[in-house]
Amino acid sequence: MDKDFDNKSEDLRRGRMEYLKLAAHQLKSPLFTIQTSLRTILDGFTEPLTSAQQKILEGVEHKTRESIRLLEDILHLARMERVTPADFRPVDLAALTEEILAHFEEESRNKKLLFEVHVPQKLPRVSAYEAGLRQIVGNLLDNAFKYTPRQGKVEFYLSYDPSRSLLRGRVADNGMGIPEKEREKIFEEFYRASNVGRLRLPGTGLGMSIISRAVRVHQGKLSLKSGPGEGTRVDFELPLRPAPRADEKKEEEEPSLRIVVIGGVAAGPKAAAKARRMDHQASITIVERGEFLSYSGCGLPYYISGKVRDQGSLMTTVVGVYRDPEYFQRIKNIRVLNKTEAVAIDRPARKIKARDLSTGREFEIPYDKLVVTTGASSRFSSLPGWELQNIFTLHRIRDAEGLRAILQRGTSQEAVIIGGGLIGTETAEALAERGARVTVVEALDQILPMLDREIAGLVERHMEVKGVRVLTGEPVLSFLGEGKVKAVKTFRRELPADFVLIATGVKPNVELARRAGLELGPTGAIKVNRYLRTSDPDIYAGGDCVENLDLVTGQPVYMPLGSTANKHGRVIGINVAGGKETFPGITTTTILKVFDYNVSKVGLCEKEAAAAGFRTVTSICPSPDREHFYPGSRMILTKLVADAATGRVLGVQVVGTGEVSKRVDVAAALIFKRGTVEDLSKLDLAYAPPYSEAIDCLIQAANIIKNKLSGCYRWISPLELKARLASGAKISLVDLRTPAEYEGGSIPGSRLIPLGSLSGRLDELGGEEEIVLICGTGIQSYEAALLLQDYGVSRVRALDGGLAAWPFERR
């Protein structure tokens, strides 16, 4: 009877812990977001706070921090329930103890405590649950330091008896102690001694429960002696069998592979996770200088705008599990050292030197295979005034928090974005939607330089319609202000600015690789082969710090993208574990959202193809993204670039308010396989009115090029027409649309001759001037050009893409 009752009680307790664990997971991400936001506000608030405001904010941050600590303790306790000997791994006791003691040695100096440490110089590697050992030693020392007054004394003893395979430890202090009647309760969940409560010391009441659970996991013993005014002494014994050292060979098995990954955002964690799936015995360590791991940097503009409400969702799995060091250790058995910087690579010794950024302590980590994923950083050169407050980049989560803190003030503010690339245009939308008056300043003659000028011009026009001012061909000279930025001085003017975002692109972080003697490529990024191996056969590299092979030109290219970084990680993870996976290169496929305008590109644009030595033929094809009669149909514009000699498709750009992603993805697959315009025109693509026209815009664009290559008509691009008009060339512009459409706007200097009356007004087309035919999308111009050719009018050209592709001024 008693046994049944005990079993039921244990089942109830386990059920309660599972419930608490689920609740803790759900609450941790929003609380973490609040904490980070408050920290950013306190660190970066430019307006002076009153003492009352400061006290309130600090109080909220303190309570939030306490809540997060409680949830973390609940998770530790719940995880310990499921640990079995199968979860034990080799643990280096010496390294683990050194790491924990380094933290408390610094705290002892701050608190002026006498901290006596009695640990042998040599400790073995043992088979244990590492997180549990950390909880035992770390929590015991944390309690001793917390409850011992300034100038008190804390002692720590640790020894290992190899004859009995027994680890013994003791933590003793001369602090406040525990009342005799409460000692047996101290290991209960959420219990805190009465004398602790009176002093209002922080704590969750779970520390000793976690210690007890961790000792039980290792089938050890735990004893406690304490009394008010006498201090507390806790002894533990853990039976831990020795584990072979990494450099010791065993007859029955090979030593475990040591994999070290430098960088913990995208490619690094992906490589580590894949390597773990390939090799369950490998020792895998991630070294990340930042606080956060495996987060979606591409999602930061949407977090700023509020479309992504919770910062934590950028750092969770699809089922909502937070990817923190504990997650990697517990779920994947991957050790993570965040807030730790790799400062040097010793290639002959095959080890890296790392620095704990919290304590300044330096230490070495040996490796058999090293993965370098050091990412990229802003390539903006510092200008006068660069040190002023409220000047941001957007590379880390704290950058996004800083921008959100400013935007949350609620007043309309002047925002200047320097750089009109991917990040600049995406963030312009985010800031405008939060009520800021946004100006984008670009030194080049267009935004989004990966696009052709007329396509980028369409995006610029859309941004202007949405209230964003776009200034191109305007380099920035300096920042003005006192204490915080007040204006941005450009080549032409001064722009008022309450805050500034630097979005001028990135450069690869290669200094660590350079100092180690790894070969860099012509782009300045790390050079890798198709296995993503560097010039050192034991070192791999991926993500934003490496260059890739452009599959269209066959030349190295630097194009940092999140999708590429994740694919790199998978290939590297396979190869460091002994595989032979290859990464062929990239087609530079890109997509972004600018308000309700979708912008995509794959391969080369026309100017890039010309620079690479191709003789090109192009088409511009405006069309609905689905049948025009179907509700929700939207216009998109496709520009196709092909090699005039072979018909090979070199690149595609698709923009508009309709669906563009599936078009650019089809084009990416075709370009990857070196397909031709003929291949594209024959693709059997899915059709139904809700999804596309019967002949999709991609196939229409291919057919236009086939018409051009056959010589059946002549055309002129928007850029060429603009240049010829600016040079004063004699051109007769004929608008073929209806009078109502014409009155809605046309190219300055054009005259109206509707297509239906063209054959009866041929006498109006006399003279020696070249005739350029204009319509809405280019279809009517094409038909009119064929008609006029039949009538013997040879000096006729059709405007490619019609007015839908004309990004310049209209009358």
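Assorted remarks:
- Extent of the chain along its three principal axes (Cα atoms, max minus min coordinate, largest first): 113, 68, 60 Å.
- Distance between the C-alpha centres of region 532-576 and region 398-474: 30 Å, rounded to the whole angstrom.
- Computed label-point distance, nm, for sites Glu433 and Phe629 using a 7 Å Cα→Cβ extension: 3.5 nm
- Per-atom-type breakdown for region 216-369 gives carbon and sulfur 47% of the accessible area (1.4 Å probe, protein chains only).
- For the chain, the antiparallel share of DSSP beta bridges with both residues in that region comes to about 60%.
- Karplus-derived HN-Hα couplings along region 381-397 (A = 6.51, B = -1.76, C = 1.60, θ = phi - 60°), whole Hz, x at Gly and Pro: 7, 4, 10, x, x, 4, 7, 5, 6, 6, 10, 10, 10, 10, 10, 10, 5
- Amide H within-cut-off set for Leu123, under 5 Å, with H built and near neighbours excluded: Ala94
- A Förster distance of 41 Å, applied to the separation of the beta-carbon atoms of Gln408 and Arg514, puts the FRET efficiency at 0.50.
- On Cα atoms only, tilt of 2-44 relative to the major axis of the chain in degrees: 50 degrees
- Anchor Lys682: lysines whose Cα lies under 26 Å away (excluding residues fewer than 8 positions away in-chain): Lys601, Lys639, Lys662, Lys673, Lys706, Lys708
- Spin-label pair Arg492/Thr317, simplified geometry with 7 Å Cα→Cβ offset, distance in nm: 5.3 nm
- Under a 5 Å amide H cut-off, with hydrogens placed 1.01 Å from N, Tyr540 pairs with Leu370, Val371, Val372, Thr534 among residues at least 5 apart or on other chains.
- By the helix-only formula, in which each DSSP H run with n ≥ 4 contributes -39500 (n - 2.57) and the sum is divided by residues, the chain has a 222 nm mean residue ellipticity of -10500 deg cm²/dmol.
- Stretching the chain fully between Glu362 and Glu180 yields a gain of 61.2 nm (0.36 nm per residue, less the alpha carbon separation).
- Counting only alpha carbon atoms, the long axis of helix 562-576 and the longest principal axis of the chain meet at about 50°.
- Between region 600-666 and region 710-730, the C-alpha centres lie 20 angstrom from each other.
- Cα gyration tensor shape of region 660-811, rounded if a/c is under 1.5, else prolate or oblate by comparing a/b with b/c: prolate
- For region 102-116, Karplus couplings with θ = phi - 60° (6.51, -1.76, 1.60), whole Hz, Gly/Pro x: 4, 5, 6, 5, 5, 5, 5, 5, 5, 9, 6, 9, 7, 10, 9
- Taking the longest Cα principal axis of the chain as reference, the axis of helix 779-790 is set at about 30 degrees.
- Using a probe of 1.4 angstrom and keeping all protein chains present, the accessible surface of the chain works out to 46 square angstrom per residue.
- Whole-Hz couplings from phi, Karplus 6.51/-1.76/1.60, listed for region 268-273; x for Gly and Pro: x, x, 5, 5, 5, 5
- Surface share of carbon and sulfur [accessible, 1.4 angstrom probe, percent] for region 522-648: 52 percent
- Rg to Rh, two decimals, where region 556-596 supplies the alpha carbon set and Rh follows Kirkwood: 1.12
The values are calculated or read from the model by the stated rules, or taken from the named source; none is laboratory data. In this text, all values refer to a predicted model and were calculated from it rather than measured experimentally. Neighbour counts run over all protein chains shown; Cβ positions are idealised from the backbone, glycine included. Just the protein is used for accessible areas: all its heavy atoms, side chains included, with ligands, DNA and RNA removed. Shrake-Rupley method; radii C 1.70, N 1.55, O 1.52, S 1.80 Å.
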